[in-house]
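The values are calculated or read from the model by the stated rules, or taken from the named source; none is laboratory data. Predicted model, so just to flag it, every value in this text is computed and none were measured. FYI the Cβ positions are ideal-geometry reconstructions off the backbone, even for glycines, and counts take in every protein chain you see. Side chains are part of the model used for accessible areas, which takes the heavy atoms of the whole protein and leaves out ligands, DNA and RNA. Shrake-Rupley method; radii C 1.70, N 1.55, O 1.52, S 1.80 Å.
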Amino acid sequence: MILRNLSFKESDEWSWITVQIAEGHFDGKEMYFRVPCAFKDYLCKDRYDAFLVGLIWPAMKYGEDIIIEGTVSHRLLFNMRNYIQFLLQEFAPKAELKRIKIQSDIAPELKTRNNMVGTAFSGGVDSFCTIYDHFELENDEEYKINCLLFQNVGAHGSYEDTRTFPLFIERFKSFSQYPQEVHLPFIMEDSNVQMFLSEWMPKALTQTYSLNMIAGILALQGEIRKYYISSSQSYTENLFFGRFYINTMLDESYEPVLIPLLCTDLIEIISDGVQYRRTEKTVRILDYKPIQKYLNVCCNRRPENVKNCSYCTKCCRTLWTLESADKLELVKTQFDLNIWKKEEFRYKCRQRLISGKDNFAIDNIDFARKNGKSVPTYIQAFIVCMPDMLFKFGKNVLRLFLSQKKYQNIKAWAYKYLKLREF
Ligand SMILES: [Zn+2]
């Protein structure tokens, strides 16, 4: 594929950088990254870094060499040719990625230095921990966060799903209060980078999330000089549990190795939060007052649930930690503690059963025991979870024998009329 005509354009609302693709599977298509016009200076208008990172997975899937009629950062180009392709092949042996050639000129090293230090803000524990350490507590101006980012590159659903973009906008609005309160610019960034992965969805959504997120960060090299990516795992967890995510989740397996390889002379991307386990982070941020108003860990994507549902995996994970630390009262306005009371034993039993291969489960169990709290025994957990396991088995059988459409219809009916909850 040939990438050409890197352009900057503006509409009333958005400023865009776009690249045209010629030849190969995406002949005639255009990839874009866009931000509200007020942040147009953030867009990197003279190098193809973001587009190269955004297209490396589909190019390797199709075995298409990439020819860039423009420039790429020297370091990124070197790493892309020598390391990143090998790393992606090791991460996803089943994806049959082919090593490709990348042809590009090298961007001149700039003498000027960017001003902004960013991180993503999603209201979750990982995100707040990075903000607490490197905005609230950070004294070193070189490393102090001074802007926050909210991207639409996969976390809100797939590009084709018509609910994704409205959900992204709605979530951005609901998360805007905190940045306003602490006077940090909050940048909304949208892209069609996922459109080029549609052939391999939904699997590609988690397989490539790190690449798409970093592509979006590199698109903002016009102003950002440092960027923290909040890791969900600690160093040791990544070492022991990362292997369970081979082929499925790049962020949970190879991200700490991948991140330094995607830095350029303009931007340093830092893997943050790897120095803590999740329970340590959850307890650490309790000293930060804004979390009592703004903590939002929920993965339940129904639009009416702007606040935490208090029964999804992420809500329960957080609530169990807070319960073990005797700090549930601190988040009573953000969660429904009555729902947690109803769900907690079943949740703990499920965690007990998966603790051998789930770092969050073993972390919460260790933390509860350290604080003198009881944890269900394996036998108790097995008995309590038996109906759920049978239900799951039934779902898998139905999925095997029914078409996708029929299966989805039955599932929707069951969740509506039997009032089932998805975990
Ligand atoms: Zn939830």
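Per residue, the accessible area of the chain comes to 47 Å², computed with a 1.4 Å probe over protein heavy atoms only. Pairwise inverse Cα distances across the chain, averaged and inverted, put the Kirkwood hydrodynamic radius at 22.9 Å. For the listed peptides 337-345, 139-147, 358-366, a ranking on the average number of other beta carbons within 10 Å per residue, highest first, reads 358-366, 337-345, 139-147. Here the accessible area is traced with a 1.4 Å probe on the protein chains. For the range 2-272, carbon and sulfur cover 51 percent of it. For the peptides 100-112, 287-299, the ranking by mean Cβ contacts within 10 Å, running from highest to lowest, is 287-299, 100-112. Computed about the Cα centre, the dipole magnitude for the chain is approximately 2100 debye when only Lys and Arg (+1) and Asp and Glu (-1) carry charge, each at its Cβ. The residues packed around MET386, meaning those with a beta-carbon under 14 Å from its beta-carbon, carry a net charge of +3 if Lys and Arg are +1 and Asp and Glu are -1. Taking every full run of DSSP H in the chain, the ones that stretch at least 15 Å from end to end by Cα along their long axis and average 0.0 or higher on the Kyte-Doolittle scale are 49-62, 164-175, 378-401.
Distance distribution P(r), the range 307-417, all Cα-Cα pairs, bin width 5 angstrom from 0: 2, 11, 17, 19, 17, 14, 11, 6, 3, 1 percent. Basic side chains Lys and Arg get +1 at the Cβ, acidic Asp and Glu get -1 at the Cβ, and with that the dipole of the range 307-417 about its Cα centre reaches some 520 debye.
Of the Cα atoms belonging to the range 97-140, the radius of gyration and Dmax stand at 18.0, 45 Å.
Using the Cβ of PHE150 as centre and a radius below 12 Å, the other residues enclosed give a net charge of -1, where K and R count +1 and D and E count -1. Electrostatic tally near GLY242: other residues with Cβ closer than 11 Å to its Cβ, Lys and Arg +1, Asp and Glu -1, net -3. Mean residue ellipticity, 222 nm, helices only, the chain: the sum of -39500 (n - 2.57) across DSSP H runs of n ≥ 4, divided by residue count and rounded to 500, is -12000 deg cm²/dmol.
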